[in-house]
Amino acid sequence: MEAETVISLVLGTALAIFSVVLVGYSFLRGQAAVTQPLSNDSSDDSTGHARYIPTGNDDPALADIFDAIRTLELENSLGRMHEKDFQEQFQAYRIQAATVLRNQLEAGLGDPTWVLEQEILLARDAQENPNRITTPCPNCSAAVSRSSDDCPHCGADMERRP
Amino acid sequence: MADLGAISLWIALALAAYSTIGSVAGKIRTSPALVESAQSAMYGAALALLVATFSLVIGFISRDFEIAYVAAHSDLAMPSQFTWVAFYAGNEGSLLFIAVTLAIMASLAVWRAPEKLRDALPYTTAVLMLTLTFFLAVTSVMANPFDKLPFTPADGEGINPLLTHFGMFFHPPALMAGLISITIPLAFATGSLLAGKSGDEWVDVGRVWGIISWVLLASGLLLGSWWAYTILGWGGFWFWDPVENAAFMPWLALTAFIHSIMVQKRRGMFRMWNIVLINVAFGLALYGMFMNRGGSVPSVHSFGASALGWIFLMFLAIGVIVPFAIFIWRYPLLKSARNLDSMLSREAAFLVNNLLFLAIAFVTLWGTVYPLISRLFNNEEITVSRPFYDQVNGPLMLALVFLMGVGPLIPWRKANLDSLRRSLLPPAIGGLATVAVLAALGLHKNYALIAFGLAAFVTSGILMEWYRGARSRHRSSGENYAAAFLHLIWANRPRYGGYIVHLSVVMVTLGIVGASFFSIQKDVVLNPGESVSISDYELVYLGSVETPKGNRTEFASTVQIFRGGDLLETIQTKRAFYPSFNMASTNAAIRSTPVEDLYIVPSENMPDGSVGFRILVNPLIWWMWVAGPVMVIGTVIALWPQTVPVPARAPSPGRVATRPTAA
């Protein structure tokens, strides 16, 4: 047998052994790297929609909202929107951000003082702007357009709105 | 190293198959250990495929002609730098390249997947690994690059001469990587659906991988056009060849997808539509691979033809039916969070843009499969050529360029007529002024006038956006305009990266219009010392030198270029004949400027020293090749990770009442 063939077989065998160890390591370790049990259910709540609990202030959901606010600001500063439309959308995003932060608090994360401030501001805003077009979701309190049938955040039926 | 390569390939196949089954079983049986093991198997498959790849590369470097694939695609005379090209010169190597690319990208995508996709990740892994298993099974069983010859020949057959071009280092790998990487956004979308998610969780990762696939395909298409322009010797860059179309169609669907996914990310709309688009893009990518590997339609890419067609056709059928079946099953989950507020909105513009892209893709698909259909029903193969595509796709593409100018200037949700007029008036004036100036200068080709007007419209709109944004920053922060502009781009990378990509599309438009409507061509036979005039150039043919080289005979012809009596340049065109392939290849001599290309290619070298030349003046085509790097730069800016500053807490309630800063 040629030396090259022997080397190939040795390296190939080593690769095969490494692969078996790699695949079996999860079982040998006795515990999964996945820290939370996997859910078989396609939904986590009664609405049939998974509810995403944020994990911190680097939370992508929050980043998305602030990103959207920045875009809104930019479009407003470029004169592409009526002030009324801007205020309406800005308000909706702000309420969404506060809701995410409150979810963080409920999950044991986040800063309680900050969330409390948001709650107070939202309540004050609701008093000052009773005619705003968004309405809080009865399930998760996210700001939802009055024209929406379902909450985009948690999927709850908005027909049950107060 | 052939044995090591073969062993690695089989190990990779076993790992990919295990990963597919393990991911699904682990999810169904709620076994995190099994899911993690399956994920590890995916990383292991990538490693094994890297070993197989290195084995084949070493086989080429050492010219191990015992390996049938190495003997078929290289010889002792092949310059060593073409080892990389020889690697994917045939089906076996191409399939290995596709497999290793998919394995690496899949591993990166799963490794970097966000936490919110954790529930769906086993299904995503299963889709990715199922696709990999298919490619590895075909490679191992039907097109193994490590198969050995019964004897070792003294020399190989050599690399296809048409592949010995700089563009070949990037064009085929970019296209193959672009096509196969569409699997990744598809896998995330399908994984989310299988896990019962409502549809928005996969959007960010789907957008990023969709853009990566898009830019790979775009780069591959542009490099392929450049290769055709410089080496095929016919002076054009796009032939509407079936295999070109096969890469163009998924690119169209992906372009629609990466716009449409922004609507879902921003507004929670188009959930169903985005799943449909990524499914269509994946189906078209599989169709592209079927065309490339199956060789069912005559193509200039005949080096890819093989008997693998039927198996790719089966996989194409499965790849189309299964994702759509899952989509229909999960249809009730995909209801949009919002409805379209107004037809005067960016969402509506994106929707129309999507429909136009799909219309062009459908027209191209129809033209591509028509030879097959005509053969099937009439027993006569009718090939659809360029006039069909130009007449049908041309107006649709112009409409797309128009929308490219309008879309970014309309706000999300709804625009009022006043703001729309304010936004659109300056670019519209720019476009109309361009048309007026060009018409006054004597340009009377309507299509070209419209195209130049639209190009000016889009460019004016983008420049106006940049100016307004920079002015806004300048006023609010006091930065000078240059700093304000750079900070503006950096602070809004997806948006302004997109604008740069749009500019590159304008450049491509200029190149296509210039070369399609204003190209001048002359075919002449010149004896040494004779001259010919074209446009305002005068060319003098000085003579040819014949040089026998290892595997070819090379003819170098020298031509002087004069304009207005002044010598501009002395250039050399080359034509080589490869007896073993009974094939000639040409290297066009191109004097390229932003205004026009002077393109000279020798079509035939006569025994008496005369040479048949094809000479073209191609206006504005330079912009098309410059567009490639601009497009890549724009994409990199758009994809560069952006950390949006999120305030951890407000120091006082008053801060919340203040708007977040736009910067």
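Structure values in brief
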{"quantity": "Qualifying positions in segment B:363-379 - surrounded by 16 or more Cβ atoms within 10 Å (Cβ to Cβ) and of a type outside the set (Ser, Thr, Tyr)", "calculated": "B:VAL363, B:LEU365, B:GLY367, B:VAL369, B:PRO371"}
{"quantity": "Among the candidates B:ARG591, B:ARG575, residue that is more than 17 Å from B:TRP226 (Cα to Cα), of a type in the set (D, E, K, R), assigned by TED's automatic domain parsing to the domain that holds B:LEU542 and out of contact with any helix residue (DSSP H, G or I) (no Cβ under 7 Å at 6 or more places or on another chain)", "calculated": "B:ARG575"}
{"quantity": "Residues located in segment A:80-123, provided they are modelled with pLDDT under 70, open to solvent by less than 20 Å² (accessible area, probe 1.4 Å) and hydrophobic (A, V, I, L, M, F, W, C)", "calculated": "A:TRP114, A:VAL115, A:LEU121"}
{"quantity": "Checklist (1) touching a helix residue (DSSP H, G or I) at 6+ places or on another chain (Cβ under 8 Å); (2) open to solvent by 60 Å² or more (accessible area, probe 1.4 Å); (3) of a type in the set (S, T, N, Q) applied to B:ASN339, failing item", "calculated": "(1)"}
{"quantity": "Filtered residue count, segment B:478-517, keeping only those that are more than 27 Å from the chain's Cα centre (by Cα) and away from chain A (no Cβ under 12 Å)", "calculated": "10"}
{"quantity": "Out of B:PRO411, B:PRO427, sole residue that is within 30 Å of the chain's Cα centre (by Cα) and either at pLDDT below 90 or within 11 Å of chain A (Cβ to nearest Cβ) (or both)", "calculated": "B:PRO411"}
{"quantity": "Test: residue in segment B:507-520 that is without any contact (Cβ under 8 Å) to a residue 40 or more places away in the chain, surrounded by fewer than 19 Cβ atoms within 10 Å (Cβ to Cβ) and in a helix (DSSP H, G or I)", "calculated": "no"}
{"quantity": "The one condition in (1) in a strand (DSSP E or B); (2) at pLDDT 90 or above; (3) open to solvent by 50 Å² or more (accessible area, probe 1.4 Å) that B:VAL636 fails to fulfil", "calculated": "(1)"}
{"quantity": "Qualifying residue in segment B:214-235 (condition: on the phi > 0 side of the Ramachandran plot and away from chain A (no Cβ under 14 Å))", "calculated": "yes"}
{"quantity": "Failed item, numbered, when B:ILE621 is tested on (1) open to solvent by 30 Å² or more (accessible area, probe 1.4 Å); (2) within 30 Å of B:VAL501 (Cβ to Cβ)", "calculated": "(1)"}
{"quantity": "Residue in segment B:556-568 that is without any contact (Cβ under 8 Å) to a residue 24 or more places away in the chain and β-branched (Val, Ile, Thr) present", "calculated": "yes"}
{"quantity": "Matching residues, segment B:1-42, being among the β-branched types (Val, Ile, Thr), buried (at least 21 other Cβ atoms within 10 Å of the Cβ) and at the interface with chain A (Cβ under 9 Å from one of its Cβ atoms)", "calculated": "B:ILE7, B:ILE11, B:VAL35"}
{"quantity": "Residue in segment A:2-12 that is in a loop (DSSP other than H, G, I, E, B) and either at pLDDT 60 or above or within 24 Å of the chain's Cα centre (by Cα) (or both) present", "calculated": "yes"}
{"quantity": "Tally, over segment B:406-444, of residues that are touching a residue at least 12 places away in the same chain (Cβ under 8 Å) and either open to solvent by less than 90 Å² (accessible area, probe 1.4 Å) or assigned by TED's automatic domain parsing to the domain that holds B:ASN339 (or both)", "calculated": "23"}
{"quantity": "Residues located in segment B:374-389, provided they are assigned to a helix (DSSP H, G or I) and more than 20 Å from the chain's Cα centre (by Cα)", "calculated": "B:SER374, B:ARG375, B:LEU376, B:PHE377, B:ASN378, B:ARG386, B:PRO387, B:PHE388"}
{"quantity": "Near pairs, Cβ below 6 angstrom, 6+ apart or cross-chain, from segment B:357-378 (in contact (Cβ under 8 Å) with a residue 24 or more places away in the chain) to any residue that is open to solvent by 50 Å² or more (accessible area, probe 1.4 Å) and among the charged types (D, E, K, R)", "calculated": "B:PRO371/B:GLU381"}
{"quantity": "Selection status of B:PHE555, out of contact with any Leu (no Cβ under 6 Å at 6 or more places or on another chain), aromatic (Phe, Trp, Tyr) and not in a strand (DSSP E or B)", "calculated": "no"}
{"quantity": "Verdict on B:ILE278 being assigned to a helix (DSSP H, G or I) and open to solvent by 10 Å² or more (accessible area, probe 1.4 Å)", "calculated": "no"}
{"quantity": "Single residue of segment B:243-271 satisfying the filter (aliphatic (A, V, I, L, M) and more than 15 Å from B:LEU186 (Cβ to Cβ)) that is most open to solvent (accessible area, probe 1.4 Å)", "calculated": "B:MET262"}
{"quantity": "Qualifying residue in segment B:562-579 (condition: part of a loop (DSSP other than H, G, I, E, B) and β-branched (Val, Ile, Thr))", "calculated": "no"}
{"quantity": "Members of segment B:201-213 that are under 16 Å from B:ILE258 (Cβ atoms) and within 13 Å of another protein chain (Cβ to nearest Cβ)", "calculated": "B:TRP202, B:VAL203, B:ASP204, B:VAL205, B:ARG207, B:VAL208"}
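Listed here are the residues, each with its yes/no results for (1) open to solvent by 40 Å² or more (accessible area, probe 1.4 Å); (2) in contact with a Phe, Trp or Tyr (Cβ under 8 Å, 6 or more places away or on another chain); (3) over 23 Å from B:VAL215 (Cβ atoms).
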site	(1), (2), (3)
B:HIS474	yes, yes, yes
B:SER477	yes, no, yes
B:ILE489	no, yes, no
B:ASN492	no, no, no
B:ILE500	no, no, no
B:LEU503	no, no, no
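Each row is one residue, and each column tells you yes or no for (1) closer than 30 Å to B:ALA120 by Cα; (2) open to solvent by 20 Å² or more (accessible area, probe 1.4 Å).
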| site | (1), (2) |
| --- | --- |
| B:LEU163 | no, no |
| B:PHE170 | no, yes |
| B:LEU175 | yes, yes |
| B:ILE184 | yes, no |
| B:ILE212 | yes, yes |
| B:LEU223 | no, yes |
| B:ASP241 | no, no |
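The values are calculated or read from the model by the stated rules, or taken from the named source; none is laboratory data. If you're wondering where the values come from, they're calculated on a predicted model, not measured in any experiment. Cβ sites come from the backbone with ideal geometry, for glycine too, and all protein chains shown count toward neighbours. Heavy atoms of the whole protein, side chains included, go into the accessibility calculation; ligands, DNA and RNA do not. Shrake-Rupley method; radii C 1.70, N 1.55, O 1.52, S 1.80 Å.
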